[in-house]
Amino acid sequence: KIQKNIAGHVLRLHVIANSDSDDDQKLKIKVRDSILSELQTGLSGISSAAQAKQYVSSKFENIKQSANYTIHGYSYSAKVFIQNRYFPTKTYGDLTFPAGYYDALCVEIGKADGHNWWCVLFPSLCFEDATTATVPKESKEKLKSELTNEEYNSLNKSTTPKTDTANNSKIQIRSG
């Protein structure tokens, strides 16, 4: 139930490469970058997932042109659409989104048979380098204002109670 409520307040981005070849995987990242560049400024002033979907839908032609401009010189093109898709559990900075179905801007390159890349497009949790990712404060605030405390706290890894293992755990080793 919590996942479904969270899903109603976010819009994800899902980019799928033509294949798993090194060249197609590099191209996927270039397409991702062009799409994020195209959308980030316009999405920054939006305050709800419904508005984000509306904005992204109004930019389909621009998104497709940007993706296809990036793909120029290859024998295939990109398809762009919004679809409700399954996403596995994914962590963005200190927020972990549960597995489940989410609305997503989907960009399929060529045959779309390769590895994919995904993020939360609204509020903006898209990182180029997940190892140094920090969730922008503005994005957290947007998300927090849209969700109940229970929903937001379920995403926030830092609110998970931690056990003081030095004082509270008792280790028992048994052997048969």
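Answer yes or no as to whether Glu108 is assigned to a strand (DSSP E or B) and more than 28 Å from Ser145 (Cβ to Cβ). Walk me through how you get there before you give the answer.
Details: assigned to a strand (DSSP E or B): yes; more than 28 Å from Ser145 (Cβ to Cβ): yes.
Spelling it out, Glu108 is indeed assigned to a strand (DSSP E or B) and more than 28 Å from Ser145 (Cβ to Cβ).
State whether the residues of region 73-87 include one that is within 21 Å of Ser139 (Cα to Cα) and not hydroxyl-bearing (Ser, Thr, Tyr). Show your work before the answer.
Initial filter on region 73-87 (within 21 Å of Ser139 (Cα to Cα)): 87.
Keeping just the survivors that are not hydroxyl-bearing (Ser, Thr, Tyr) gives 87.
Yes - at least one qualifying residue is present in region 73-87.
Find the strands (runs of 3 or more DSSP E) located wholly in region 1-94 whose residues include 2 or more that are out of contact with any strand residue (DSSP E or B) (no Cβ under 7 Å at 6 or more places or on another chain), and list them.
none
Kindly indicate whether Thr89 is without any contact (Cβ under 8 Å) to a residue 12 or more places away in the chain and surrounded by fewer than 18 Cβ atoms within 10 Å (Cβ to Cβ).
Yes: the conditions hold for Thr89.
Under the condition of being hydrophobic (A, V, I, L, M, F, W, C) and in contact (Cβ under 8 Å) with a residue 12 or more places away in the chain, which residue from region 46-76 is surrounded by the most Cβ atoms within 10 Å (Cβ to Cβ)? Write out each step before concluding.
Within region 46-76, the subset hydrophobic (A, V, I, L, M, F, W, C) is 46, 49-50, 52, 56, 60, 63, 67, 71.
Filter again for in contact (Cβ under 8 Å) with a residue 12 or more places away in the chain, leaving 46, 49, 52, 56, 60, 63, 67, 71.
On the way: Ile46: 19, Ala49: 23, Ala52: 24, Val56: 26, Phe60: 13, Ile63: 21, Ala67: 24, Ile71: 20.
Among those residues, the one meeting the criterion is Val56.
Of these, Lys144, Lys79, which one is over 26 Å from Lys4 (Cβ atoms) and either at pLDDT below 95 or not polar (S, T, N, Q) (or both)?
Details: Lys144 fails: over 26 Å from Lys4 (Cβ atoms).
Just one listed residue meets the conditions, Lys79.
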Got at least one residue in region 92-108 being more than 30 Å from Asn153 (Cα to Cα), open to solvent by 60 Å² or more (accessible area, probe 1.4 Å), among the charged types (D, E, K, R) and at pLDDT 95 or above?
no
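Specify which of the listed residues (Ile16, Ile35, Ile63, Ile6) is over 16 Å from the mean Cα position of the chain (by Cα), of a type in the set (Val, Ile, Thr) and closer than 30 Å to Leu147 by Cβ. Walk me through it before giving the result.
Details: Ile16 fails: over 16 Å from the mean Cα position of the chain (by Cα); Ile35 fails: over 16 Å from the mean Cα position of the chain (by Cα); Ile6 fails: over 16 Å from the mean Cα position of the chain (by Cα).
After ruling out the rest, the residue left standing is Ile63.
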Go through (1) among the polar types (S, T, N, Q); (2) open to solvent by 60 Å² or more (accessible area, probe 1.4 Å); (3) at pLDDT below 95 for Asn84 and report which single condition fails.
(3)
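The values are calculated or read from the model by the stated rules, or taken from the named source; none is laboratory data. From a predicted model like this one, the values you see are computed outputs, not experimental measurements. Reconstructed Cβ throughout: ideal geometry from the backbone, glycine too, with neighbour counts over all protein chains shown. We work out accessible area using only protein heavy atoms, side chains counted, and drop any ligands, DNA or RNA first. Shrake-Rupley method; radii C 1.70, N 1.55, O 1.52, S 1.80 Å.
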